[in-house]
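What follows is a set of notes on a single structure, which appears directly below.
A short reminder: the numbers here are calculations on the coordinates, not readings from a lab. What you see is a predicted model; the values in this text were computed from it and never measured. Virtual Cβ from ideal backbone geometry, glycine too; neighbours counted across all protein chains shown.
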Amino acid sequence: MPKDFQPAKFCLGCGHPLVLITLHKVLQEMGLVGKAVLGLDIGCSLLAINYLPFNTFHTHHGRVTPTMVGFKRSNKESISIGYTGDGGAYAIGLQSLLHSALRDEPIMVIVINNAVYGMTGGQKAPTSFIAQKTDEGINEQPPMLGAEIVASVAQSGAYVARGTVTDMGVMKEMLKKAIETQQAGHFSLVEAMAFCPTAWKTVGTETVSYLKNNLLPVFKTGEIKS
Amino acid sequence: MAHKNKFSRAFLTGAEVIVKAAQDVGAEYFFGYPITPASEIAVDWSQATKKNKQLGFLQTEDEIAAGFAINGSVLAGRPAFSATAGPGTVLIQDGLSMAEAMRLPVVVVVAQRGGPSSGTVIYSQQEVNLAIYGGNTEGMRLVYSSSTLEELYQNTQKAFINAWKYRFPAIVLTDGYQSKTRGVLEVPSTSKKLKSQPLVVLGANQHLPNIFTFEEELFVKLQKDVKDFNKMAEAVIGYEEFNTRGAEILIIAHGTVGGVAKEAVQKLLKKKVGLFRPITLNPFPKTALNKLAKKVKKIIVIESSLGQLERLVRANLDENTKVDHYLRPGLGIEVDEIIKLITK
């Protein structure tokens, strides 16, 4: 752990720290740590407060996007990043996410997609796949492909991509392009397919297999709009 | 004219008064969603942004987004506000709760319309509860209610100034009678200005929490907020007493009804009737209320709701004074009705 990081509050094996540490690395390489503001949705995302050495604040569940819209419009110098889970992005916060993409708000949204509600104990998410075991039983509803929906309303110049924590090299490039997109004045979203061993009830390599076998076939990685 | 150089006269709607007051005091951004009878505030502000490029305007996807966008804007240090009504006042509570918890100086104009639900579209006094206690909060919000256009101008400015000074969200209560009708406003030629600053400074490595791990952490934070709110109360409380010397009956009314009641009291000068009109509904002018209550035989609360003001009065009343009421939920109240009520 770098000395300027606070101890992580995430579960062991969680996907969040991989994305967050990489985000910090990218910002460092771009010389933008001093301009970054990371707004946090509620759910496991909230645990990212005071984890990385740049500005963070909590919002409400599903509301980080409109908060960052307000922030960015009032501080154009900032690199305004909304950090949220798949529930915050594609269920309770979808309306604001879609309209922000439609208006081409120059904010960056990072969505951690683990197809489950982790913080609340394993309930089904809008991203849960068919036949997924959740705390509420077997999911029968098809998953929402949020990044594709966002890309369908995003404007020319916007950037929408989906990466996976099993390939952080590609993820790093996506995060960099998303930040460059904001600098160019456009909306960007990076969805990260991520581990949740606690809610998946997996251990060790089972966690990696769960992601590769269940999630990646449904959620195709790559650039969706660039 | 004696004050020729200090004032200019303008013929404005209440919505125009609010927009002018907000601009004069230093508000810079409006985020909101159209709803009657608050829409004109959004429209007038959007027109103002065309003349002054320093001002910003966004029609959001809903009032929830508006509530959070104003939070984001003030976090960045730019004074922002919204205006809404009825069901929109319900939706904006999400953001107002965050503002109350994180001490964000947002201002929301609430143009009360009839309820419950979509109700009627122009007038009521039924959003007092929402203004003060609408969130999952403890009601630490500054709430103003105005009886005249001039007061609406002043209260709008005070809402911005005090929100930023004391770091609590502020609400300017109005209604469609006020926002849509035109009247003469004497506008001061120089305006007071709010003092804003970024709450999140770029590069400062700040971390602002809104959720806590331990009950004790939240408890300690709230103790401080309550202390700050009570301290603010001493400085910001506003009310009007009219014809209260020697009064036996004390009418208590606020906002539009407060103005109507004053006119009624003017016509009842020989009847020993006085008026107590709270201008800040929260914090409530408790000391002034009790001082008057001790001297009168009876209080009559008059309002266009089913007792939202009356509950505030009763909660703040330490004296054993009899409290009567005249409640007309969602219905306008006229001068003659009050005269009849007193003289019957």
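For the reader, a short list of remarks on this structure follows.
- Listed by position, the strands (runs of 3 or more DSSP E) enclosed by the range B:218-280 that each have at least 1 residues that are of a type in the set (Lys, Arg) and touching a helix residue (DSSP H, G or I) at 6+ places or on another chain (Cβ under 7 Å) are B:273-278.
- Restricting B:Phe81, B:Phe11, B:Phe7 to those that are in contact with a strand residue (DSSP E or B) (Cβ under 8 Å, 6 or more places away or on another chain) and closer than 26 Å to A:Gln95 by Cβ reduces the list to B:Phe81.
- Any hit, the range A:81-93, residues being surrounded by fewer than 22 Cβ atoms within 10 Å (Cβ to Cβ) and among the hydrophobic types (A, V, I, L, M, F, W, C): yes
- Residue within the range A:19-28 that is over 18 Å from A:Ala161 (Cβ atoms), more than 14 Å from chain B (Cβ to nearest Cβ) and surrounded by fewer than 19 Cβ atoms within 10 Å (Cβ to Cβ) present: yes
- Subset of the range B:98-143 [of a type in the set (A, V, I, L, M) and closer than 15 Å to B:Pro87 by Cα]: B:Val108, B:Val109, B:Val110, B:Ala111, B:Val121, B:Ile122, B:Val128, B:Leu130, B:Ala131
- Boolean, B:Lys158 is part of a helix (DSSP H, G or I), crowded, with 24+ Cβ neighbours inside 10 Å and charged (D, E, K, R): yes
- Residues within the range A:5-26 that are within 18 Å of A:Met168 (Cα to Cα) and touching a Phe, Trp or Tyr at 6+ places or on another chain (Cβ under 7 Å), tallied: 6
- Scanning the range A:46-78 for residues being more than 7 Å from chain B (Cβ to nearest Cβ) and surrounded by fewer than 23 Cβ atoms within 10 Å (Cβ to Cβ) gives a total of 4.
Matching residues to (1) basic (Lys, Arg); (2) farther than 24 Å from B:Gly115 by Cβ; (3) in a loop (DSSP other than H, G, I, E, B); (4) touching a residue at least 60 places away in the same chain (Cβ under 8 Å):
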site	(1), (2), (3), (4)
B:Leu289	no, yes, no, no
B:Val301	no, no, no, no
B:Ser305	no, no, yes, yes
B:Val313	no, no, no, yes
B:Asp318	no, yes, yes, no
B:Tyr326	no, no, no, no
B:Gly332	no, no, yes, yes
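- Residues located in the range B:59-76, provided they are more than 7 Å from chain A (Cβ to nearest Cβ) and closer than 19 Å to B:Lys165 by Cα: B:Val74
- Residues of the range A:145-166 that turn out to be closer than 16 Å to A:Pro217 by Cβ and surrounded by fewer than 18 Cβ atoms within 10 Å (Cβ to Cβ), as a count: 1
- The residue that is farthest from B:Thr190 (Cα to Cα), counting only those in the range B:13-53 that are in contact with a Phe, Trp or Tyr (Cβ under 6 Å, 6 or more places away or on another chain) and within 14 Å of another protein chain (Cβ to nearest Cβ), is B:Phe30.
- A:Gly15 vs. criteria buried (at least 24 other Cβ atoms within 10 Å of the Cβ), more than 7 Å from every other protein chain (Cβ to nearest Cβ) and out of contact with any Gly (no Cβ under 8 Å at 6 or more places or on another chain): yes
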